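Worksheet for the structure shown next.
No value in this document is a laboratory result; all are computed from the given coordinates. Since we're looking at a predicted model, the values are computed, not measured. Cβ placement follows ideal geometry from the backbone for every residue including glycine, while neighbour counts extend to all protein chains displayed.
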Amino acid sequence: MGNAIENKFQKMGARVKVTRDRLTPMRIDIRRDGAGEYFDVRHNRDIDVQVCDVQPADRHLLLMMRRLRPQRNEPANSKFLGGHDERSWFVAAVPESARARSVQDAKDALKPAEVWDSMREHGVPLDKRDRRRTAAFLRQGEWFFLPRPWVKVDEKLVIKHEPIRRGAGKPHLCQFMHRQGGETVYVNRSHPNGLSVAAFAQLPEHVKRQRGWRRMVRDARVFVKGWVRHPDHKTIWLSYWHQVVMNTETRARAMRNVAFLD
C-alpha cells in the first residue's frame, strides 16, 4: 500500500512518507529534510489510507483515511486536499459533509458560501473558479478577499499592520484593517484560538503576566485594504476595502488531524 501511495504523490511531484504508528490514529503534516519538503502521513492499524484522485498537471491530490472500526458519532472517512500553492506544499482538511470524490470536489467544498455568492454576483464562470484572482475575489492561501468598494471606514477605526491567522499558523499581515463586531479574546502560543475575556480572567495571575499574550478579536467581520503579505505567498494589493473570509476547513472534523498550518 505504501508504494502505491508514494507513486500517486510522485505523479504530482511530491514526496510522502507513510508511517504505521500505533500511538497515532491519523495525522498528516508537511515536514522538511535535506531533500526539501515532504508529506508526513501517520496512522495506526485501524486506518486504511488511499489516494482517491490525483491531478498531476494541477499538482493536487485527494487523500482519504478510512476508519476500519469507526467510533460512534465519528465519520468513517476523513479526506484531505494536498497540493502545491504558489511557493510550497500544503494540506487542507475537507468538510465531511461534502463527500468529495475528486480534487475538484474538494476545492469546491473549501469555498465558503460568500465566495460562491460573489461569483454569481460578478458572473465568474465555473471554469475560472479556482483562479487566485477573479472579479469576485482574490485568494491568498486559505483566505479569500471579496470586493466591497462601497464600504467607508472612519480613519480613527483603522488598524495598521494587523495579522489574520488560522490557529497556530503563520499570520497573513494586512496593511490596513477594520473590524465590525466579534468577540475579544486573549491569544498566546498555548491558546492559538484564543480565550474569552471570562476564561482569561480565571487564569492564575502568574500565567496572565507571562509574555506573549495578545488581545485579538474572533469571529468579527473583517475588512482590509492595501497590501497583504505572507512568506509562502505572493503579496496582494487591494486598492479599496475587501471583506475577508476563510475557507471552510475549520468545518471539517478531520482538521484536528492536520498538524501543518501555513
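Odds and ends about this structure:
- Pairs from the table (K11/K170; K11/K128; K8/K170) lying more than 26 angstrom apart at Cα are K11/K170; K8/K170.
- Euclidean distance between Cα centres, segment 160-180 to segment 198-230, Å: 11
- Computed from Cα atoms, the angle from the helix 2-11 axis to the main principal axis of the chain rounds to 50 degrees.
- Reachable aspartates and glutamates from K234, criterion Cα separation under 12 angstrom, eight or more residues apart if same chain: D85, E86
- Scoring 134-143, 200-209, 174-183 by mean Cβ neighbours within 10 Å over their residues and listing the highest first yields 134-143, 174-183, 200-209.
- C-alpha long axis of helix 113-122 to longest principal axis of the chain, angle in °: 70
- Loop-located trypsin sites (Lys or Arg not before Pro) across segment 1-110 with a Cβ neighbour count of 13 or fewer within 10 Å are R22, R45, R72, R87, R99, R101, with loop assigned by DSSP.
- GluC sites (Glu not before Pro) restricted to DSSP loop in segment 24-124 with at most 13 other C-beta within 10 Å: E86
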